[in-house]
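A quick write-up on the structure given underneath.
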Amino acid sequence: MPSLRELIQRRQQDSECASGRDDAAQVLSRETSPAPGGSSLNSSESSQQTPGNGQLDSEAAPGPSPDGSTTSTERQPTNSNARKRSADNLGPYTMRMPPAEREVWQAGMYLQIMQKLEEIQPMEAPYVIPSCMTTKTIVYCTQYLLCHAVPSYRGAAPRAIIALLERHPSSGLTAEVKKSEAKLGVVLKAVRRNLTDARSHVKTEIVTSLGYPHPQSNNRAGTEEREPLNIVDLVNAVIAELHKSRKITSKNGVTLSLEMCARFAFLRKMLIGHKATFWPSVDRELASLREKFCQAGNPRKAANDYFLGCLDDDIRLYGDVNFDTSFDDAGPTEYQKEVEAMAADNQTILAEGSGSDDEELEGDEE
C-alpha cells in the first residue's frame, strides 16, 4: 500500500489537470478512511507536512476559517485550470468525462463544424465591367439615339444595345456573362445609365435650339434672347455635345445625314407640348405612326413622306439650310452603319419591346 506522502504528492500532481481532480480526491478519501476491522492511520502521520504544500489537515479535513465559516474539502480550481476550460470551450458535464470519451465527443463536434462549413456558399465577388465593354457601350448608346431608324428611344433600347454588344465577344460580353443573371444585370444597369445620360444631352440641345422666345410664341418678356437653330445646326450641336461629353472619337462617332435631320425635325416637333414627358410621348407617337404606315400600301414610302414633311415644316419655322454643303463626303462610320442595319432589320422586334419592363426600370424622363 502506498504511503501517505506518496498519496499527497499524487494528489498535488492530479490537481494540475482539471479532469483528474475528482479522482485524486476519491483515492485520498479511500486510503485515509479506516478499513473494516482495522485501525485508522496514525494521527501523527496525517499531520506530516509536505514540502511546499502546507499542512495536510488544511487540505484533507474541513476546518474553521478565520471568519468562523467552514472551508470545503475540495480545492478551488487554479487560474491555469480555468483558462484551460475556457480554451477548450467544453460544457461542464464534459469535464467529468473519461479522456477517451471526451476525445470521441470532440471528434464528433469537429465533424459537425466541418459539415456546416461545407454548406456555407462563399459570397460571389461583385462583377466589374471591363473597360473595353464600357467604351463600346458608350459608343453604341450614342449611335443608337442618333440613328434615324430606331423604333423607340426607351423601352427596348437597352436590349438593342445588349444585342449589339453580343456581336463582339471581345468586348467582354461572353457566354459566361450572359448565363449569369447577376453579371448580366450589372451590364444592363450600365447600359440604361448610359442611355439616360445620352438622352439628357439630346433633350437639352433640342430645348436650347428652340431659341427664346420661341418663334411661335407671342411672349417677348425677358432680357436675353436667343436665335433658334436650323435643323443642320441642331443636329451638329447634338453630335458635338455627345462626342465631347462622352469622349467619342470621330472614328467611332456619327456623321450628319439627311435622314438624321428628318428624324430630329420630328423630335423637335414632339418637344412642343410634351416637354415634361418628352421621351415617353415620342415612343408612343412612333408606335402610332407604325400602325398607320403598316395600313398604307407602301409602308416605307409612307414613313419617308411623313418624316420629310416634318423636315419641311422645321425648315419653314426655324430657318432654311443648304443641304448640298452640309454633309460629310466620308459618309457614315462603321459603327453607324452597324446600328442602322440592326435597327432596320429588327424593326418589329424592337417595336414589340418598346412597352417592356425596361422602360419602367429606367425610371427617368430626361
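The values are calculated or read from the model by the stated rules, or taken from the named source; none is laboratory data. Only a predicted model underlies this, so the values are computations on that prediction, with no experimental measurement involved. Positions of Cβ are generated from backbone atoms using ideal geometry, with glycine treated the same way; all protein chains shown enter the neighbour counts. SASA here: full protein model, heavy atoms, side chains in, ligands and nucleic acids out. Shrake-Rupley method; radii C 1.70, N 1.55, O 1.52, S 1.80 Å.
Which one of G297, G309, G273 is modelled with pLDDT of 95 or more and open to solvent by 20 Å² or more (accessible area, probe 1.4 Å)?
G309
If we keep just the residues of the range 323-366 that are among the hydrophobic types (A, V, I, L, M, F, W, C) and open to solvent by 90 Å² or more (accessible area, probe 1.4 Å), which is modelled with the lowest pLDDT?
L361
Looking at the range 302-317, which of its residues are more than 47 Å from the chain's Cα centre (by Cα) and either closer than 14 Å to A262 by Cβ or not aliphatic (A, V, I, L, M) (or both)?
Looking only at the range 302-317, we keep the residues that are more than 47 Å from the chain's Cα centre (by Cα), and these are 305, 309, 312-313, 315-317.
Within the range 302-317, D305, G309, D312, D313, I315, R316 qualify.
Looking at D314, is it modelled with pLDDT under 95, in contact with a Lys or Arg (Cβ under 7 Å, 6 or more places away or on another chain) and in a helix (DSSP H, G or I)?
So D314 fails the test.
What number of residues in the range 276-294 are in a helix (DSSP H, G or I), touching a residue at least 24 places away in the same chain (Cβ under 8 Å) and either open to solvent by 20 Å² or more (accessible area, probe 1.4 Å) or among the hydroxyl-bearing types (S, T, Y) (or both)?
Residues flagged as in a helix (DSSP H, G or I), touching a residue at least 24 places away in the same chain (Cβ under 8 Å) and either open to solvent by 20 Å² or more (accessible area, probe 1.4 Å) or among the hydroxyl-bearing types (S, T, Y) (or both) within the range 276-294 amount to 2.
Pairs, please: C-beta under 8 Å, at least 6 apart or cross-chain, first residue of a type in the set (A, V, I, L, M, F, W, C) and in the range 300-314, second outside any helix (DSSP H, G or I)?
What qualifies is A302/A296; F307/H148.
Any chance the range 256-269 includes a residue that's open to solvent by 80 Å² or more (accessible area, probe 1.4 Å), part of a helix (DSSP H, G or I), farther than 28 Å from K136 by Cα and touching a residue at least 12 places away in the same chain (Cβ under 8 Å)? First the steps, then the outcome.
Filtering the range 256-269 down to residues open to solvent by 80 Å² or more (accessible area, probe 1.4 Å) leaves 259, 269.
Okay, now just the ones that are also part of a helix (DSSP H, G or I), so 259, 269.
Narrowing further to those that are farther than 28 Å from K136 by Cα: 269.
Among the residues that remain, those that are also touching a residue at least 12 places away in the same chain (Cβ under 8 Å) are: 269.
Yes - at least one qualifying residue is present in the range 256-269.
Return the residues of the range 231-255 that are hydrophobic (A, V, I, L, M, F, W, C) and surrounded by fewer than 19 Cβ atoms within 10 Å (Cβ to Cβ); say none if nothing qualifies.
A237, A240
Taking the range 186-238 as the search range and keeping residues that are acidic (D, E) and outside any helix (DSSP H, G or I), which one is modelled with the lowest pLDDT?
E224
If I ask for residues that are within 23 Å of the chain's Cα centre (by Cα) and surrounded by fewer than 23 Cβ atoms within 10 Å (Cβ to Cβ), which ones from the range 151-168 would you list?
Residues satisfying the conditions are R159, I162, A163, L165, E166.
Identify the single condition in (1) open to solvent by 50 Å² or more (accessible area, probe 1.4 Å); (2) closer than 27 Å to E241 by Cβ that T174 does not satisfy, given that it satisfies every other one.
(2)
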